[in-house]
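Q: Input: one structure, supplied below.
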Amino acid sequence: MKWLVIIFSVMITAILPAVALGTNPTLTIVGEGTVTVPADTATISVSVESGIENMTEAQASVQEKMDLVIDALKTAGVKDEEILPGQSSGVSSFQSTSKVCKRVNNSTVCENNTQQASSLERSTVIRLRSTDESRINQVLDVARSAGAQAYVAGYGLSDASKAAAEARQKAVANAKENAAGMAAAEGVRLGKVVDISDYGYPVALTDYYSSLAPLGMVDVTSYVIVTYEFEI
């Protein structure tokens with residue numbers, strides 16, 4: 001709505017000079033279109049960790065654990081191309097401080113007790129070419145049985161081109177509808193399209209990104225910028 005208000009204001013200020021010069025005024029407007037389609041891939045996050053204080057030993061430990069998990073996943077049928085290249089590592093730290101007081105010889109003596117802990121985590125991503133619930137649960141179970149933490153991070157599309165084309169058509173129709181409404185409000189007719197372009201590449205959102213799509217579905221949204229000529 002904010003986009004429409006801004007563009008509408010620009011349109012009003014642009015019409016008067018255009019009319020004075022004997023040319024048709026134009027309106028540039030943003031259109032939005034969304035389609036919801038079934039996902040065909042499931043993204044699974046897999047991670048292992050080590051609480052060894054020596055960083056060199058911790059790195060060796062998490063790598064060994066991750067290798068065992070990946071071997072188990074491959075044995076369960078996960079393909080090499082479904083395991084995304086590259087692994088990420090991170091260190092998490094925890095510290096807590098407590099104050100303990102006690103009476104000693106009619107005096108109160110307090111001591112601060114501090115506890116620290118840290119762990120090194122290594123994670124990888126599995127892009128499973130399936131959204132079958134039993135298959136997903138099998139992969140999760142195998143990863144967890146091998147000592148990893150695993151969860152479904154989201155769903156996606158291996159090829160979003162068809163859905164993107166449908167979303168773009170909706171976006172163009174949305175732009176035309178909004179432009180026609182503004183033209184009618186100004187007492188003019190909507191003319192030909194002068195220019196049209198994508199406003200960024202169509203975006204595919206899954207439940208991982210807080211999409212409104214149901215579980216296992218994907219929202220693909222396209223934005224277009226269209227410039228129309230008005231007929232006075």
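Q: Please arrange Arg103, Arg189 by counting, for each residue, the other beta carbons lying within 10 Å of its beta carbon, fewest first. Provide the component values of the computation, followed by the final result.
A: Values: Arg103 8, Arg189 12.
The most exposed by this proxy come first: Arg103, Arg189.
Q: Which order do the peptides 151-157, 60-66 take when ranked by the mean count of other beta-carbon atoms within 10 Å per residue, highest first?
A: Peptide ranking by packing, descending: 151-157, 60-66.
Readers should treat all values here as calculations from the given coordinates under stated rules, not as data from a laboratory. Just so it is clear, the structure is predicted and the values come from calculations on it, not from any experiment. FYI the Cβ positions are ideal-geometry reconstructions off the backbone, even for glycines, and counts take in every protein chain you see.
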